[in-house]
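These notes concern the structure reproduced below.
Rule-based calculations on the coordinates, nothing more; no lab input. Just so it is clear, the structure is predicted and the values come from calculations on it, not from any experiment. Glycine gets a Cβ as well: all are built from the backbone with ideal geometry, and neighbour counts include every protein chain shown.
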Amino acid sequence: MTDSSPTIASALFDWNSPRMRGRFVARHKADRRLQIYGLTAIGTAVLLIAILIGSLVASGYHSFVQTHVSFEVFVDPSKVSADAPEKGNYRQIVRDSFTAAFPDATSPRDKRALTDILTADAPYIIRDRVVADPSLIGRRFEITMPVSDPFDQFEKGVIPRDVPEEQRKVSDKQIVWFDALVAQDRITTPFNTGLFLNADSRFPELAGLAGAIVGSFYALLVCFLISFPVGIAAAVYLEEFARKGRWSDILEVNINNLAAVPSVVFGLLGLAVFLNFFGMPRSTPLVGGMVLSLMTLPTIIIATRAALKAVPPSIREAALGIGASKHQVILHHVLPLAMPGILTGTIIGMAQALGETAPLLLIGMNAFITSPPGGVLESATALPTQIFIWADSPERGFVARTSAAILVLIGFLIAMNLVAVVMRKRFERRW
């Protein structure tokens, strides 16, 4: 037995034996399989993201340019009074001015069909121009305005011209007139600033995200002002002052559970408490921000506690050793050192709140708002709810507007996460 044991040990640990070589080969194959699985997963995720972004860009890039038409307008003094320029017959002024360049459009039906090239808000655009400058009454001036959605889609190639007339919203005669405007260099497709400067509208060519962007800003401002100080205070108490015991464990478990609660539950809570019980105004950024703050608080508390734990105990001990009190240690030493991690967690939580739709729908922040809100107590909408509204609209032009709004929202989310990454890299301390 003694003579055979060295032989057995040498056989077991002989690196050149067939058995050990087989084990090495199997381990290397397992490592390679694991790497392949990881690369496959990453490649699949990147591919799916690329498909998502590509589909959004393919269907939404049209909305970043808008077809405009330029024509000469004559403000007839017999139809507009200088004493009350806002009450003029601007619809007739638009029809007479636009059809003047097309002598073949003589019948009322042809004139209506020709005027359909213009946006439905054309009379109001000219009215606002004249009200701002009453000296235009009795004069001729050049004006540029968007065309209606069917002709915008036609110019962008979404509505093809080679299909039968009954299968498109643009008639053959209207195509002839539109081509004449193109030949006269009266049709342009500049960058669509109205997508960011206009509020919502029933007409796709005029609809924009200004109201939703301002509403999201006010809601996030309220959310930040509530969740940031409350979240930090709660985390500091739980991490630095609370005694470790049964109640602190229950609080910690509940906070972690709240971070995983679906956002629609917070919307139901806001509907029941803020709107029904307290009677706060519906569809306002104030209520929206309060609901989002409830949803963001657990994330901020967890991130703040993690940042506080990352501060070395030696800093606390050194501050206490030179006579600092407990609150001086926290306010003057621990919190400033933990602030980069706290801000990073806060920004990520705010980015998550920016993309939430369900809680805002439940408190009514999906109203049809034609102007940006002037404060937190005025009715408003938000970017996610504006996307929901446009996605539910039957007009074809809102399909591209929906994809463009999603791209804008993704852009804001990426920007906020980049800010968090930059702040973490810039202010991060290694102990």
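Laid out as a table, the results:
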read-out	value
Under-19-angstrom lysine pairs by C-alpha in the chain, whenever the two are 8 or more apart or on separate chains	10
Vicinal HN-Hα couplings computed from phi for segment 262-279 (Karplus, 6.51 cos²θ - 1.76 cosθ + 1.60; Hz; Gly/Pro x)	x, 5, 5, 5, 5, x, 5, 5, x, 5, 6, 8, 6, 8, 7, 7, 8, x
Among ASN256, ASN192, ASN16: highest mean-square fluctuation, GNM of the chain, C-alpha pairs under 10 Å	ASN16
Rough spin-label spacing in nm, given labels placed 7 Å along Cα→Cβ, for VAL253 and THR370	5.5 nm
Within-13-Å neighbourhood charge of GLU252 [Cβ basis; K, R +1; D, E -1]	+3
Between segment 12-65 and segment 341-418, the Cα center-to-center distance that results, in Å	35 Å
Cβ charges +1 (Lys, Arg) and -1 (Asp, Glu), total dipole of segment 54-164, debye	200 debye
Euclidean distance of C-alpha centroids, segment 122-185 and segment 234-299, integer Å	51 Å
Charge context of GLY211, other residues only, Cβ under 12 angstrom, K/R +1, D/E -1	-2
Trypsin sites (Lys or Arg not before Pro) within segment 233-331, DSSP loop, no more than 11 other Cβ atoms inside 10 Å	ARG243, LYS244
Residue-wise HN-Hα coupling along segment 18-31, computed from phi with Karplus coefficients 6.51, -1.76, 1.60 (Hz; x: Gly, Pro)	x, 5, 5, 4, x, 5, 4, 4, 5, 5, 5, 5, 5, 4
Residue of SER314, SER403, SER393 that the Gaussian network model of the chain assigns the largest fluctuation, springs spanning Cα pairs under 10 Å	SER314
Distant-in-sequence amide H partners of VAL65 (H built 1.01 Å from N, under 5 Å)	ASN192
Helix-only mean residue ellipticity at 222 nm for the chain, each DSSP H run of n ≥ 4 adding -39500 (n - 2.57), per residue, nearest 500	-19000 deg cm²/dmol
Proximal charge balance of HIS62 [Cβ under 14 Å; K/R count +1, D/E count -1]	-2
DSSP-loop trypsin sites (Lys or Arg not before Pro) across segment 55-110, with at most 16 other Cβ within 10 angstrom	LYS79
Identified option (computed log10 I(q)/I(0) by the Debye sum over Cα atoms at q = 0.07, 0.13 Å⁻¹; candidates (i) -0.29, -1.03; (ii) -0.37, -1.31; (iii) -0.58, -1.16)	(iii)
Choice from GLY355, GLY245, GLY231 showing the highest fluctuation, given a GNM over the chain with Cα pairs closer than 10 Å	GLY245
Residue-wise HN-Hα coupling along segment 71-84, computed from phi with Karplus coefficients 6.51, -1.76, 1.60 (Hz; x: Gly, Pro)	7, 8, 10, 10, 8, 5, x, 6, 10, 9, 8, 5, 6, 9
Cβ-Cβ FRET estimate between GLN167 and ALA310, R0 fixed at 60 Å, reported to 0.05	0.40
